[in-house]
Structure formats: C-alpha cells, structure tokens
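Let me begin by presenting the structure, written as structure tokens, before commenting on it.
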Amino acid sequence: MPPAPNGRAAARRRRARSIGGTVLSLVLTLLGLLLVTFIIGRVMPIDPVLKVVGDRATQAQYDAAYQAMGLDQPLYIQFARYLGDVVTGDFGRSISTGQLVVDDIKRVFPATVELATLGTLIGVLIGVPLGVIAAARRGGVVDQVARVVALVGYSMPIFWLGLMGLLVFYGILGWVGGPGRQGIIYDGMIPTVTGLILVDSLIAGDWGAFKDAFSHIILPASLLGYFSLAYISRMTRSFMLEQLSAEYITTARVKGLSERAVIWRHAFRNIRIPLITVIALSFGSLLEGSVLTEIIFSWPGLGQYITKSLLAGDMNAVLGGTVVVGTCFVALNLLSDILYRVLDPRSK
Amino acid sequence: MTLLSVRNLRVSFPTRQGTFEAVRGISFDLGRERLGVVGESGSGKSMTGRAILGLVRPPGIVTADRMELEGQPILNLPEGRMRRIRGRRISMVMQDPKFSLNPVMTIGDQIVEAYRLHAGGAKPAARQKALEMLRAVQIRDPERVMGAYPHEVSGGMGQRIMIAMMLAPDPEILIADEPTSALDVSVRTEVLNIMDRLVRDRGMGLIFISHDLNLVAQFCDRVLIMYAGRIVETLAAKDLHQARHPYTQGLLNSLPRLDAPVDRLPVLQRQDSWREGDTITQSLETEFPGGL
C-alpha cells in the first residue's frame with residue numbers, strides 16, 4: 001500500500017509537533033509562574049534590605065547592601081538574574097532558618113510528599129471502587145452511604161477532624177503515634193536517602209523505625225485520604241453514570257456479559273482517562289494545601305514551612321516554596337497529559 | 001416453525017404522572033423469516049426489542065401472557081439464565097456503530113469477547129473465528145481491522161463489524177434496531193444485503209425495526225405496523241400497498257412517489273380510536289399456515 005509510509009511519516013510529524021507544543025506550553029507556564037512569584041516578591045511591603053542589615057544599620061551600610069542585592073538595577077535585569085538563580089537552583093538564603101532555601105526545601109518537601117502520596121493512595125483505593133459501585137447500584141445502599149461519606153468529607157473542617165482524631169485514636173485509644181513524623185527514640189536514627197521515612201527505614205532495614213513512622217503517618221494520611229476520597233468518589237460516580245448510559249454498554253449487555261464485566265471491562269476502561277486528571281489534581285492540591293493538617297500534626301512539611309516563613313516575612317523561603325509547588329502542579333498536569341495519550345486510542 | 005412467540009406483551013414505566021405504557025399488549029410470532037416492525041418514534045418498536053432481550057431496566061416492568069423462545073418461557077428469567085440467551089440465542093444490532101462499539105477496545109477484542117463468552121475455547125481459535133466473521137461481512141483487510149479502534153473505521157464498516165460481532169456466537173434471532181438509520185444512503189444497501197445474506201444462510205429469524213416503510217417493504221417478508229404501543233396492522237410485505245388500516249395508509253400517502261407526483265404531501269392525521277382498535281390481519285393464514 002503506497003499511502004501507508006506517507007501516512008506514518010505524517011503521523012510522526014504530527015506527534016513531534018504535539019510533543020513540541022506541550023513542551024513549549026510547559027516552559028511558558030513555568031515562566032509565567034516565575035514572573036508572578038517575582039512580582040509578588042517585589043511588591044510585598046517588606047524591605048528585604050532591612051531584613052538583612054537590621055534596623056540599626058547606617059545609611060551607608062544600607063546602600064551597600066541595596067547594591068549588593070542588585071536592587072538598584074532595572075526590574076527586567078533583576079528578573080533575568082532571578083531566572084538565572086532559579087534555573088541553577090538558587091533561591092537565596094532563608095532569613096528565619098539562616099540556611100539556603102534549597103536545603104530547607106530538600107528537608108521539608110519529602111515529608112509533604114510522603115503524606116500526600118499516602119493520602120492520595122487511600123483516596124484512590126477506597127474512593128474509586130466506592131464511586132463505581134455507587135454508580136452501578138444507583139440509589140442503593142452503597143450509593144446512599146457514599147453520598148453521606150462524601151458530604152461529611154466535603155463539609156467537616158479538617159482541623160476539627162484532625163483534633164478529634166488525635167483525641168480518640170492517640171489520646172484515648174492509643175492506637176497511633178502522636179504528632180510529628182517519628183517518636184523521639186527514632187528521631188535522627190535513620191540515615192536520609194530519599195527523605196521519605198517509610199522508605200528510608202525500609203532501606204535501613206529497621207523494622208521498628210518503619211512501624212513507628214507508620215503509626216505517626218497513618219492518622220494524618222487517613223484524614224487527607226478521606227478528603228480526596230470524598231472528591232474522587234463523587235467524580236468517579238458521575239463519570240461512571242455517564243458511561244453506563246452509553247450505547248456500547250447496551251451492546252455489552254446484549255452480548256450476554258455479566259454485570260461485573262460490563263462495569264469494569266467496558267465502562268471503567270472509558271473513565272480511566274478523566275479519572276487520571278482528577279487524581280493528579282487531587283494529589284497536587286494535597287501537596288500544597290495540607291497546611292492545616294501539617295500544623296495540627298506538627299508535620300514538618302512544606303505547607304508549614306511556607307506558612308511560617310510568610311508570617312516571618314521571609315520572602316526568599318516563600319517564593320522558593322511557591323515555585324516548587326507550582327512546578328509540581330505543572331509536572332502533574334504534564335504527566336496526566338502523557339497518560340491520556342497512552343490510554344486513549346483516539347488521541348494517537 | 002415458530003422461533004419466538006409473544007402474547008400480550010406490555011412494557012410500562014411508573015412515572016410521577018402515573019404509569020406510562022410504552023408497549024400495550026402486542027402479540028406476534030416469529031419464524032425463520034424477516035419480520036419488519038414499523039412505526040413512528042415512540043410507538044414502542046425499540047422497547048419491544050429490548051423487552052425480548054430482557055434489557056428493560058428497572059423501574060420498567062415487562063409483563064406478557066406468553067413469551068417463549070422455541071417453546072421455553074423467557075419472560076423475566078433470572079439474570080444468570082437470561083445472560084445465556086442474550087448474545088448466544090438472541091442478539092441485537094443497534095442504530096449507530098459510532099456509539100454502540102466500545103471506543104477504547106480494539107475491534108478484534110470486542111468480537112473475540114462476544115464469541116468466547118458463549119463458545120469458549122482458546123484465544124487463537126476465537127481470533128480465527130473473528131477473522132472469518134469479518135471476511136463474511138466483506139471487510140477487505142480483516143487483519144488490520146482486528147487491531148483497529150472503532151473511531152478508525154467508517155460508519156458502514158462499523159455497522160458491518162457490529163453485524164459480524166453479533167452473529168459470531170451463531171444466534172437464532174437477530175433484532176436489528178434501525179441498523180441503517182445512521183448510515184450514508186450509499187452504504188445502506190450494501191450493509192442490508194450483507195445482513196440479509198448472513199441471516200438467510202444461517203436460517204435465522206430477523207426482527208427488523210425501522211421507520212422506513214419502503215425499506216421494510218423491499219427487505220422483509222412480513223410487516224407489523226405499530227402505533228402508540230400497539231400493533232395496528234400486520235401484513236405481508238408485498239401487500240403493503242393494499243394496507244387497510246388508515247394509519248398505514250396515511251404513512252404510505254405521506255411518502256413522495258415517483259410514479260404519482262403530487263404538489264403537496266398529505267399530513268398524517270392521527271385518530272385516538274387507533275390507540276385501542278384491533279389488529280387488522282391480512283390473509284396471513286395462506287402465507288404462514290399454522291401461524292397467527
């Protein structure tokens with residue numbers, strides 16, 4: 001067939017162009033993010049020079065620091081320098097911790113990733129089947145229970161649930177570890193490899209440390225998982241209902257397939273694609289939005305770090321954290337885009 | 001020989017305004033023949049097909065004095081037993097292949113699934129059967145089509161694939177629910193001829209649901225005319241133009257005719273009395289001794 005090679009080349013060109021387009025939009029998004037954080041950093045009514053030299057410095061000292069920080073340059077040059085710094089991984093020094101912001105983030109971000117990952121895992125493993133069953137038995141007992149569970153998940157303030165959880169499961173029952181990531185005896189005992197304590201303790205082969213870390217993470221992760229479960233189960237249910245009323249489902253039933261095969265093999269395969277986006281977005285929001293949970297559980301994570309820095313007027317730390325969270329969001333979107341293309345035959 | 005026998009079939013849906021009856025007591029027998037079911041939208045023709053397959057979902061209620069497949073009652077069977085009849089003994093082809101094929105499964109997987117569900121056997125054998133079925137519906141490049149997704153084939157091809165898939169387990173009855181309405185006029189005849197040939201070769205019974213009177217007249221042996229959930233007239237397809245029921249006559253008169261051109265086609269006048277009237281049966285005894 002003569003047209004085939006031609007068509008294949010065209011398809012390859014098309015694919016190359018679509019990948020190129022994705023990368024370009026990714027770069028533009030990141031640039032926009034940096035521009036916004038840069039402007040926020042400059043318009044904040046916080047004098048960064050004063051933060052460095054202190055309020056008892058002489059005018060000469062102040063001016064010297066002002067120049068050393070490059071603030072006498074025009075804004076576009078300052079932005080170009082900022083870009084250069086960020087690309088080389090330099091977010092400056094945090095004023096409150098006295099350390100490089102990059103090192104601070106390396107320390108706190110894994111704690112947040114660990115919590116958010118486990119939370120999302122719980123949300124997906126329970127939320128997706130719950131949503132599917134609720135849709136398959138619409139109006140049935142499972143559907144009603146799922147509705148109430150999701151409603152409570154949406155409407156309960158997380159700090160209240162967190163405090164109640166601590167009171168019941170830690171204070172009264174003693175089933176879980178208390179606030180923090182580890183008990184005192186294990187603190188600093190596990191060599192840091194990934195920064196995820198559950199993983200690091202397994203690498204070190206320290207079963208006790210793993211159990212300790214697990215008992216600390218399970219309550220806050222369950223809480224976050226509950227919130228993402230509420231969202232994921234509702235979205236799954238509505239995606240499934242849409243598919244179950246589709247014509248090809250009738251075809252599957254006419255074939256004589258069992259209800260289980262109709263639901264999982266036919267309908268569920270078609271919702272994997274939108275579901276991935278929902279899960280990625282929910283994971284992204286847990287990465288940045290678990291501030292309240294981190295504070296209640298004294299979880300040394302990114303949310304807590306950014307909040308504390310903001311209250312201390314530590315803009316380098318705030319901007320660094322914001323860039324990290326923003327980059328994660330963009331990366332997750334890209335990832336779900338790629339999975340979309342892998343899973344949806346129509347997009348090839 | 002009677003394949004399917006239906007007496008006083010009713011399909012109703014409880015609504016807030018009271019019970020809505022989509023099918024109101026219809027009776028017919030299907031032999032190894034091509035039976036056309038004609039009517040306007042909402043006349044209950046599709047619902048009849050779904051009721052036979054046990055696919056009326058709750059809260060819909062199906063009742064009948066009798067609904068038998070080769071003498072065995074199939075009305076309101078438990079799901080598990082009904083599943084062995086669906087696909088294996090009665091199958092259905094729907095209107096638009098764009099929507100009736102699963103968009104994220106390859107065509108091959110979908111045909112193999114239909115076949116293996118009832119015939120069992122190893123995958124390679126099922127694949128051979130699927131290829132054979134695709135050839136039977138005159139798909140030129142079956143190997144390639146097996147690995148293609150539904151969006152990669154045309155409408156006419158999609159409908160031929162549907163027919164191949166639904167006939168793979170060798171059912172005795174095929175319900176074709178407006179199988180050509182979504183297709184281009186140019187491929188309709190082709191799809192119909194393929195379906196016709198396969199149904200004849202296998203000695204199957206065909207229920208052909210359509211709103212296209214001329215198509216049904218050409219294609220079927222016998223026609224049921226449905227109106228408001230009832231069969232108002234049943235007659236041999238070749239006698240369609242001698243229809244006696246005013247509704248059938250009205251339907252025929254509202255079609256343009258090359259041999260009798262008119263300036264303005266008459267508008268179909270409906271009468272409430274048709275809703276309850278008896279079925280007009282035209283000399284079927286001579287056509288089907290021992291039939292209705």
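The values are calculated or read from the model by the stated rules, or taken from the named source; none is laboratory data. Remember, predicted model here, so these are calculated numbers, not experimental data. When we count neighbours, we look across all protein chains shown, and the Cβ atoms used for this are built from the backbone with ideal geometry, even at glycine. For the accessible areas, the whole protein counts, side chains as well, though only heavy atoms, and no ligand, DNA or RNA atoms are used. Shrake-Rupley method; radii C 1.70, N 1.55, O 1.52, S 1.80 Å.
So here's what we get for this one:
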quantity	calculated
Selection status of residue B:82, among the aliphatic types (A, V, I, L, M) and touching a helix residue (DSSP H, G or I) at 6+ places or on another chain (Cβ under 8 Å)	no
Residue match in the range A:311-333 (condition: open to solvent by 20 Å² or more (accessible area, probe 1.4 Å) and over 30 Å from residue A:95 (Cα atoms))	yes
Residues located in the range B:144-160, provided they are assigned to a helix (DSSP H, G or I), over 18 Å from residue B:195 (Cα atoms), more than 11 Å from chain A (Cβ to nearest Cβ) and in contact (Cβ under 8 Å) with a residue 40 or more places away in the chain	B:146
Of the criteria (1) within 12 Å of chain A (Cβ to nearest Cβ); (2) touching a residue at least 40 places away in the same chain (Cβ under 8 Å); (3) part of a loop (DSSP other than H, G, I, E, B), which one residue B:138 fails	(1)
Residue in the range B:86-100 that is more than 7 Å from chain A (Cβ to nearest Cβ), touching a His at 6+ places or on another chain (Cβ under 9 Å) and either in a strand (DSSP E or B) or closer than 14 Å to residue A:248 by Cα (or both) present	yes
Unmet criterion (only one of (1) within 14 Å of chain A (Cβ to nearest Cβ); (2) part of a loop (DSSP other than H, G, I, E, B)) for residue B:51	(2)
Qualifying residue in the range A:337-347 (condition: within 14 Å of another protein chain (Cβ to nearest Cβ), among the polar types (S, T, N, Q) and over 20 Å from residue A:124 (Cα atoms))	yes
Verdict on residue B:32 being open to solvent by 20 Å² or more (accessible area, probe 1.4 Å), under 26 Å from residue B:220 (Cα atoms) and in a strand (DSSP E or B)	no
Selected residue [loosely packed, with under 14 Cβ neighbours inside 10 Å and either assigned by TED's automatic domain parsing to the domain that holds residue A:287 or closer than 25 Å to residue A:219 by Cα (or both)] from A:131, A:139	A:139
Hits in the range A:268-295 - residues which are open to solvent by less than 40 Å² (accessible area, probe 1.4 Å) and within 9 Å of chain B (Cβ to nearest Cβ)	A:270, A:273
The lone exception for residue B:40 - which of (1) over 14 Å from residue B:67 (Cα atoms); (2) touching a Gly at 6+ places or on another chain (Cβ under 7 Å); (3) of a type in the set (Asp, Glu) it fails	(2)
Residue count for the range B:247-264, restricted to those that are more than 19 Å from residue B:26 (Cα to Cα) and open to solvent by less than 70 Å² (accessible area, probe 1.4 Å)	6
Condition met for residue A:200 (more than 28 Å from residue A:232 (Cα to Cα) and either modelled with pLDDT of 85 or more or not assigned by TED's automatic domain parsing to the domain that holds residue A:298 (or both))	yes
Where residue A:41 falls short, out of the listed (1) open to solvent by 40 Å² or more (accessible area, probe 1.4 Å); (2) small (Gly, Ala, Ser); (3) not in a loop (DSSP other than H, G, I, E, B)	(1)
In the range B:61-79, residue least open to solvent (accessible area, probe 1.4 Å) [restricted to those that are away from chain A (no Cβ under 14 Å) and in a loop (DSSP other than H, G, I, E, B)]	B:64
Single residue of A:253, A:260, A:265, A:237 found to be away from chain B (no Cβ under 14 Å), basic (Lys, Arg) and within 28 Å of residue B:79 (Cβ to Cβ)	A:237
